[in-house]
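The values are calculated or read from the model by the stated rules, or taken from the named source; none is laboratory data. Fair warning: this is a prediction, and the values are worked out from it, not measured in the lab. Glycine also receives a Cβ, built like all others from the backbone with ideal geometry; neighbour counts cover every protein chain displayed.
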Amino acid sequence: MNSEFDPYDSLVPIFIDMEIPRRLEQVATGVFVEIEQQPFLLTAAHVTDTSANGELLAPTSEGLSPIEGYVSFVDLPPGMSRANDVIDVAYYRLSLRFADQLCHHFIPMPANRREIVQTALELGVCSASGYPITKAKKNGSVRSSEVFSFRGVAASEEMYKKLSLSPTMNIVIRFHKDRAVRPEDGKRFPTPSLRGISGGAIFAWPHGAELSSDWSLPRLVGLVHSYREREGLVIGTTLLPILTAISLGQMKGFGGVR
């Protein structure tokens with residue numbers, strides 16, 4: 001294990017370049033990973049859906065560049081809309097050229113920093129990490145942003161039943177924005193809106209390190225797809241569905257992407 005690896009280096013802000021109305025803005029987050037020596041950008045399916053309205057971009061050595069590669073997502077059952085999708089995951093099998101350009105700013109997360117959980121009920125404290133839209137800044141033609149993590153306690157089995165979610169496929173974290181405290185001193189502090197962390201990472205902290213600031217400890221266990229502010233719930237998906245989708249993409253040769 002490389003204890004010097006910073007998992008924040010694998011989180012990528014995603015932008016959209018829209019024609020109508022004409023605008024360029026930060027919209028979401030992706031997780032840059034390497035799976036079987038191939039480069040992927042994982043995100044939420046409702047994020048890739050927005051490509052119908054404009055081109056999705058990420059920061060590379062060439063500036064903000066169109067994300068290049070084979071894109072796929074977990075299909076919806078007939079008659080279901082994305083708004084009711086409880087899985088909501090997608091991925092890009094990146095072209096090697098684009099992945100190389102992405103490495104100018106980011107580092108793909110290695111396999112030893114990921115964990116496939118059998119059930120989210122075994123999780124304790126988790127962090128939902130990504131690029132909040134309110135952290136995006138523009139200075140002339142230069143754009144910048146900032147990663148932020150929202151830490152909370154994984155929900156109980158009763159909550160999964162209440163939400164009609166599966167702890168095998170889903171992860172639910174209790175996080176009330178207005179009750180946020182600093183882990184190091186327990187004092188309250190204001191947090192940014194969670195808008196923009198869709199497609200970002202869910203990291204699980206090991207038991208006994210719930211309040212730690214040592215980012216060599218947590219493991220990637222899922223992806224964020226929504227936040228229910230009134231209920232104080234971050235909802236995401238475990239890695240199992242997306243790894244299954246990637247296996248199917250492998251069977252299709254990822255559309256011939258190299």
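The selection criterion, being at pLDDT 90 or above and closer than 20 Å to His46 by Cβ, holds for Arg228.
Results for (1) outside the structural domain of Glu157 (by TED's automatic domain parsing); (2) buried (at least 23 other Cβ atoms within 10 Å of the Cβ); (3) touching a Lys or Arg at 6+ places or on another chain (Cβ under 6 Å), shown as yes or no for each residue.
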site: Met169; (1), (2), (3): no, no, no
site: Gly196; (1), (2), (3): no, yes, no
site: Asp214; (1), (2), (3): no, no, no
site: Val234; (1), (2), (3): no, yes, no
site: Gln250; (1), (2), (3): yes, no, no
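Of the listed requirements (1) touching a Leu at 6+ places or on another chain (Cβ under 8 Å); (2) surrounded by fewer than 16 Cβ atoms within 10 Å (Cβ to Cβ); (3) among the charged types (D, E, K, R), Arg23 misses just one: (1). With Ser145, Ser156 as the choices, which residue is under 17 Å from Gly124 (Cβ atoms), surrounded by 12 or more Cβ atoms within 10 Å (Cβ to Cβ) and not aromatic (Phe, Trp, Tyr)? Sole residue among the options that is under 17 Å from Gly124 (Cβ atoms), surrounded by 12 or more Cβ atoms within 10 Å (Cβ to Cβ) and not aromatic (Phe, Trp, Tyr): Ser156.
Among the residues of the stretch 129-145, those that are over 25 Å from Ala201 (Cβ atoms) and part of a loop (DSSP other than H, G, I, E, B) comprise Gly140, Ser141. Summed over the stretch 7-44, the residues that are in contact with a Phe, Trp or Tyr (Cβ under 6 Å, 6 or more places away or on another chain) and of a type in the set (Ser, Thr, Tyr) give a count of 2. Being under 30 Å from Gln37 (Cβ atoms), loosely packed, with under 13 Cβ neighbours inside 10 Å and at pLDDT below 90 is a property that holds for Gly255.
Within the set Ser127, Ser51, Ser81, Ser65, the sole residue that is surrounded by fewer than 18 Cβ atoms within 10 Å (Cβ to Cβ), among the polar types (S, T, N, Q) and modelled with pLDDT of 95 or more turns out to be Ser65.
Screening Leu121 on (1) modelled with pLDDT of 95 or more; (2) under 15 Å from the mean Cα position of the chain (by Cα) shows it passes everything except condition (2).
For the stretch 213-229, the candidate set comprises residues that are in a loop (DSSP other than H, G, I, E, B) and free of Cβ contacts under 8 Å to residues at least 24 places away in the same chain; within that set, the residue that is farthest from Val125 (Cα to Cα) is Asp214.
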